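The values are calculated or read from the model by the stated rules, or taken from the named source; none is laboratory data. Quick caveat: nothing in here was measured; it's all calculated off a predicted structure. When we count neighbours, we look across all protein chains shown, and the Cβ atoms used for this are built from the backbone with ideal geometry, even at glycine. Just so you know, the surface numbers come from the protein's heavy atoms only, side chains and all, with ligands and any DNA or RNA stripped out. Shrake-Rupley method; radii C 1.70, N 1.55, O 1.52, S 1.80 Å.
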There are 2 protein chains.
Amino acid sequence: MKFCSNCAAPVVFKVPPGDSLPRYVCDQCNTIHYQNPNLIVGCIPEWEDKILLCKRAIEPRYGLWTVPAGFMENGETTFAGAARETLEEANARVEIGPLYALYNIPHINQVYVLFRARMLDLDFGPSEETLEARLFTEEEIPWDEIAFLTVRHTLIRYYADRKTGEFPFHMGTIERPAKR
Amino acid sequence: MKFCSNCAAPVVFKVPPGDSLPRYVCDQCNTIHYQNPNLIVGCIPEWEDKILLCKRAIEPRYGLWTVPAGFMENGETTFAGAARETLEEANARVEIGPLYALYNIPHINQVYVLFRARMLDLDFGPSEETLEARLFTEEEIPWDEIAFLTVRHTLIRYYADRKTGEFPFHMGTIERPAKR
């Protein structure tokens with residue numbers, strides 16, 4: 001951020017009075033421009049013993065597989081956002097079920113919120129964001145081609161839970177990967 | 001938003017190519033300025049049969065009572081944010097426990113994430129944001145002076161759960177209040 005989105009004056013990065021963290025501040029119109037974490041909402045769409053994954057047609061992680069998930073939009077709920085992303089990425093209609101996982105990713109200012117979901121039909125397919133949408137059994141999951149650590153962790157746990165028949169809510173934190 | 005924070009040119013509110021929702025777009029430097037929901041993180045600080053509430057010294061809802069909660073900051077986890085808010089608002093140190101409630105508030109683009117928490121000591125007090133911090137038994141809760149619907153709903157459920165001894169995770173949505 002270089003300029004004030006309210007008055008176009010250059011902004012200064014400093015701690016405002018009464019605050020404890022530096023913010024982008026406009027000294028001309030006194031607007032403080034807060035920057036906060038983003039919510040990523042998504043789901044694990046289930047059909048019998050299979051789940052629906054999407055092969056990404058966009059960066060980051062073009063060509064790798066993920067569950068349907070994306071940035072939550074203003075004006076929607078977390079579960080409405082998860083259903084919308086599933087429609088946008090896989091042309092699939094789901095009934096959103098219980099909250100299954102929340103992952104903190106502090107080094108990129110994101111919080112992932114993932115639900116389990118029931119696919120309403122088998123009418124799904126690729127989209128502008130997705131090269132291919134496909135149902136996978138556990139044995140077919142492309143473990144070496146999963147796009148994101150959050151999704152990998154969630155699926156590992158999901159299949160462990162499947163063996164017990166119980167799916168308790170899980171919370172975790174993804175740390176910044178160590179430099180090689 | 002009136003001006004581009006990257007180049008100071010006026011922004012246009014329109015649907016970018018390949019998108020489905022209008023965004024603030026800069027036609028000069030081609031930056032798309034996304035606006036997304038904010039996370040509010042907080043907790044119910046517990047001490048024996050009491051919980052800690054804060055009387056707000058800031059707007060909105062100046063003078064009304066709430067659990068410690070506030071905007072999650074970049075670079076932190078949800079539970080670190082909840083502990084930080086408790087320190088800032090009530091000068092209280094807590095050990096954050098299980099996730100207890102998630103509330104969607106789509107008409108103000110917020111998602112509340114509330115944990116249960118264990119107070120580590122009785123050394124707490126007011127702050128710049130809080131007129132008074134006080135422990136309450138259930139009988140003492142000022143039900144008519146609770147600042148936010150999310151907090152009211154959460155506390156009603158909390159005391160119902162206390163009677164059963166189990167505190168399952170709860171998710172809800174706060175709708176826009178009807179106009180009078």
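Applying the selection to the stretch A:13-49, what residues are open to solvent by less than 60 Å² (accessible area, probe 1.4 Å) and either more than 22 Å from B:Asn38 (Cα to Cα) or touching a residue at least 60 places away in the same chain (Cβ under 8 Å) (or both)?
Once the filter is applied, which keeps residues that are open to solvent by less than 60 Å² (accessible area, probe 1.4 Å) and either more than 22 Å from B:Asn38 (Cα to Cα) or touching a residue at least 60 places away in the same chain (Cβ under 8 Å) (or both), the stretch A:13-49 yields A:Cys29, A:Asn36, A:Pro37, A:Asn38, A:Leu39, A:Ile40, A:Val41, A:Gly42, A:Cys43, A:Ile44, A:Pro45, A:Glu46.
Can A:Glu59 be described as over 26 Å from A:Met119 (Cβ atoms), open to solvent by 10 Å² or more (accessible area, probe 1.4 Å) and of a type in the set (D, E, K, R)?
So A:Glu59 passes the test.
With a cut-off of at least 2 residues that are of a type in the set (A, V, I, L, M, F, W, C), name the strands (runs of 3 or more DSSP E) lying wholly within the stretch A:76-180.
Output list reads A:94-105, A:110-119, A:130-136.
Scan the stretch B:65-75 and tell me whether some residue there is more than 14 Å from chain A (Cβ to nearest Cβ), farther than 19 Å from B:Asn109 by Cβ, assigned to a loop (DSSP other than H, G, I, E, B) and open to solvent by less than 10 Å² (accessible area, probe 1.4 Å).
Yes; the residues of the stretch B:65-75 include at least one that is more than 14 Å from chain A (Cβ to nearest Cβ), farther than 19 Å from B:Asn109 by Cβ, assigned to a loop (DSSP other than H, G, I, E, B) and open to solvent by less than 10 Å² (accessible area, probe 1.4 Å).
Would it be correct to say that A:Val41 is within 23 Å of A:Phe169 (Cα to Cα), facing another protein chain (nearest Cβ under 7 Å), assigned to a strand (DSSP E or B) and of a type in the set (Val, Ile, Thr)?
Taking the combined requirement at face value, the residue does not satisfy it.
Restricting the search to the stretch A:91-102, which residues are open to solvent by 10 Å² or more (accessible area, probe 1.4 Å) and in contact (Cβ under 8 Å) with a residue 60 or more places away in the chain?
Those that are open to solvent by 10 Å² or more (accessible area, probe 1.4 Å) and in contact (Cβ under 8 Å) with a residue 60 or more places away in the chain: A:Pro98, A:Leu99.
Just to verify a result, which residue in the stretch B:105-129, among those that are more than 13 Å from the chain's Cα centre (by Cα) and within 17 Å of B:Ile40 (Cα to Cα), is least open to solvent (accessible area, probe 1.4 Å)?
Within the stretch B:105-129, the match that is least open to solvent (accessible area, probe 1.4 Å) is B:Ala117.
How about the stretch A:76-103: which of its residues are more than 23 Å from B:Gly172 (Cβ to Cβ) and either at pLDDT below 95 or more than 14 Å from chain B (Cβ to nearest Cβ) (or both)?
Hits for the stretch A:76-103 are A:Ala90, A:Ala92, A:Arg93.
Scan B:Glu129, B:Glu88 and give me the residue that is in contact with a helix residue (DSSP H, G or I) (Cβ under 8 Å, 6 or more places away or on another chain), touching a residue at least 40 places away in the same chain (Cβ under 8 Å) and charged (D, E, K, R).
None of the other options fit; the residue is B:Glu129.
Tell me, which residue of the stretch B:1-20 that is in contact with a strand residue (DSSP E or B) (Cβ under 8 Å, 6 or more places away or on another chain) and of a type in the set (Gly, Ala, Ser) is farthest from the other protein chains (Cβ to nearest Cβ)?
It comes out as B:Ala9.
Give the number of residues within the stretch A:80-113 that are hydrophobic (A, V, I, L, M, F, W, C) and over 18 Å from A:Ala133 (Cα atoms).
Count: 9.
Does A:Ser5 qualify as being open to solvent by less than 50 Å² (accessible area, probe 1.4 Å), assigned to a loop (DSSP other than H, G, I, E, B) and hydroxyl-bearing (Ser, Thr, Tyr)?
So A:Ser5 fits the description; yes.
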